[in-house]
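A quick write-up on the structure given underneath.
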Amino acid sequence: MSVQNDAQKEQEKLINPAVLQRTGFATALGAVFATIGSAVGLGNIWKFPYLAGANGGAAFIIVYLISTLMVGLPVMVAEIMMGREARANAIETMRKLSPSKSQPWWLIGVSGALAAFLIMAFYTEVSGWVFAYVFKSISGSLLSTDPEVTSQAYASLVTSPFQSLLWQWIVLALMSLIIIRGVSKGIEATTKRLLPLLLVLLVIIDVRSLTLPGASEGLRFLFNPDFSKLTGAAILTAVGLAFFKLSVGMGTMTTYGSYWKDNQNIPSTTARVMLSDLAVSMLAGLAIFPAVFAFGFEPSAGPSLLFITIPSVFASMPLGNIFMVLFFLLTSFAATGAMLSLFEVPVAFLAESTKMGRVKATVVTAVLLALIGSTAALSSSTMADFTIFGKTMFDLYDFVSSNLLLPIGGLFISIFAGWFWGADNIRKALSNHGMLKNDLVVTGLIVIIKFVTPILLIVVLLNGLGIV
Ligand code: PFF
């Protein structure tokens with residue numbers, strides 16, 4: 001750390017008390033848990049397996065892996081490194097690192113905060129259903145092999161404005177209670193407990209699913225490569241998924257990076273986060289599809305896979321009620337780590353950029369989320385007929401955030417890091433100011449961030465939007 005940098009930080013502490021109070025994650029391991037906790041979420045269980053199965057199996061997984069390596073991971077490195085250098089929230093990081101104060105790079109942070117709100121709007125709703133399902137599966141009310149019955153149970157939940165809002169608000173309240181406790185005592189402590197549990201539960205369900213007679217059909221659905229399904233839209237979906245999965249393109253990782261330790265090795269740690277996330281996605285696919293096919297169910301899309309098909313699948317197996325409880329419990333753990341990181345983006349910004357403090361910032365964020373989120377929550381009931389471009393608010397938020405805002409945010413983040421913040425700064429940040437001897441890796445990353453990531457993103461965005 002240069003002397004000038006230190007002096008600058010000291011001065012900022014005097015000016016802004018929120019900077020003085022900035023605690024960050026207590027340990028390097030805690031930072032890793034929280035970051036994996038952000039990446040691992042409903043995306044692994046609700047999005048990845050189905051998208052892979054429906055878009056060409058292994059063919060889609062290959063495109064997803066390339067997107068993750070060439071686009072998702074480099075943007076994650078860029079975000080964490082810039083956040084850690086600036087030690088500030090997502091908007092402030094861009095403003096601080098911008099070479100000229102007249103360039104509006106902070107707008108990337110603003111678009112990120114917008115994406116965080118849109119994602120939270122539908123994410124808290126799906127999470128609310130997951131939390132509701134934990135209780136419903138414990139009560140045994142979901143235990144039917146007839147998808148008609150489980151689809152009734154699902155419909156009675158989502159078409160009830162009262163229940164939809166209630167569960168969303170319960171989730172928001174729970175997340176607020178954790179966020180208020182702070183970065184280390186709240187986020188770090190929670191994710192450190194939940195992640196190992198999640199993994200154990202997932203492996204138990206994997207063993208159960210893979211040992212069912214007829215499980216191999218599910219493996220074929222997930223892995224059989226079908227390159228004919230790889231359309232431009234499917235590729236944009238794979239890129240969008242890579243962003244959504246790694247929680248990048250919108251400032252979450254910038255915010256978390258600002259809480260990482262100075263001596264953490266960013267390239268190798270982010271690679272481990274990515275691999276852990278991929279492992280959970282694969283384990284989720286292996287938990288779901290072998291069982292779905294073993295009992296002759298159709299793999300459906302989106303929420304109905306999670307909330308209609310899966311309960312019937314569990315009901316078909318011996319001791320299925322226990323496995324069902326474990327499954328929804330692990331899904332709620334996954335959703336929690338991801339929601340905490342989404343919540344933290346606006347909370348860090350509000351707490352640091354205004355004088356309101358963390359508690360008030362959390363309450364303001366939760367109220368705003370409840371307002372925006374209610375339009376997603378009511379998408380299956382009161383607002384079912386309110387559509388824009390033929391999409392309900394729920395679907396619109398999902399589409400606009402994953403397929404547009406995240407890739408566009410990622411594009412500008414890589415351009416900013418590679419071309420404006422520049423190779424020298426990247427080299428310093430990623431070598432921990434000369435402490436790490438990782439020249440080759442860093443050079444490779446600089447080339448990817450400067451050229452490969454932006455070019456690929458431009459091509460994919462134009463193609464996916466039907467412009468090229
Ligand atoms: N990565 C999370 C998932 O796969 O479910 C979703 C997510 C969390 C996206 C946080 C974006 C984000 F900032």
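Descriptive notes on the structure:
- Residue identified as within 15 Å of the ligand (Cβ to nearest atom), in contact with a Phe, Trp or Tyr (Cβ under 9 Å, 6 or more places away or on another chain), on the phi < 0 side of the Ramachandran plot and assigned to a helix (DSSP H, G or I) among Ala153, Ala59, Ala113: Ala113
- For segment 389-404, the set of residues classified as away from the ligand (no atom under 15 Å from the Cβ) and either buried (at least 17 other Cβ atoms within 10 Å of the Cβ) or modelled with pLDDT under 90 (or both) consists of Phe389, Gly390, Thr392, Met393, Phe394, Asp395, Leu396, listed by residue number.
- Per this entry, Ser247 is counted among residues that are surrounded by 23 or more Cβ atoms within 10 Å (Cβ to Cβ) and either touching a strand residue (DSSP E or B) at 6+ places or on another chain (Cβ under 6 Å) or assigned to a loop (DSSP other than H, G, I, E, B) (or both).
- Those residues of segment 303-335 which are surrounded by fewer than 24 Cβ atoms within 10 Å (Cβ to Cβ), polar (S, T, N, Q) and within 16 Å of the ligand (Cβ to nearest atom), in sequence order: Ser332
- Residues satisfying the stated conditions in segment 186-228, i.e. more than 21 Å from the chain's Cα centre (by Cα) and among the charged types (D, E, K, R): Asp206, Arg208, Glu217, Arg220, Asp226
- Filter result (of a type outside the set (Gly, Ala, Ser) and touching a Leu at 6+ places or on another chain (Cβ under 9 Å)) within segment 368-383: Leu369, Ile372, Leu378
- Residue in segment 243-259 that is closer than 28 Å to Ala271 by Cα, in contact with a Phe, Trp or Tyr (Cβ under 6 Å, 6 or more places away or on another chain), in contact (Cβ under 8 Å) with a residue 12 or more places away in the chain and more than 16 Å from the ligand (Cβ to nearest atom) present: no
- Taking each residue of segment 46-60 that is closer than 16 Å to Ser228 by Cβ and looking for partners that are among the polar types (S, T, N, Q) and away from the ligand (no atom under 16 Å from the Cβ) with beta-carbon atoms closer than 8 Å, six or more apart or interchain, yields Gly56/Ser228; Gly57/Asn224; Ala58/Asn224.
- Conditions (1) small (Gly, Ala, Ser); (2) within 11 Å of the ligand (Cβ to nearest atom); (3) within 16 Å of Met70 (Cβ to Cβ); (4) assigned to a helix (DSSP H, G or I): number failed by Ala284: (3)
- With respect to the conditions (1) over 26 Å from the mean Cα position of the chain (by Cα); (2) assigned to a helix (DSSP H, G or I); (3) touching a residue at least 40 places away in the same chain (Cβ under 8 Å), Glu148 falls short on a single one, namely (3).
The values are calculated or read from the model by the stated rules, or taken from the named source; none is laboratory data. Everything numeric here is computed off the predicted structure, so don't read it as measured data. Reconstructed Cβ throughout: ideal geometry from the backbone, glycine too, with neighbour counts over all protein chains shown.
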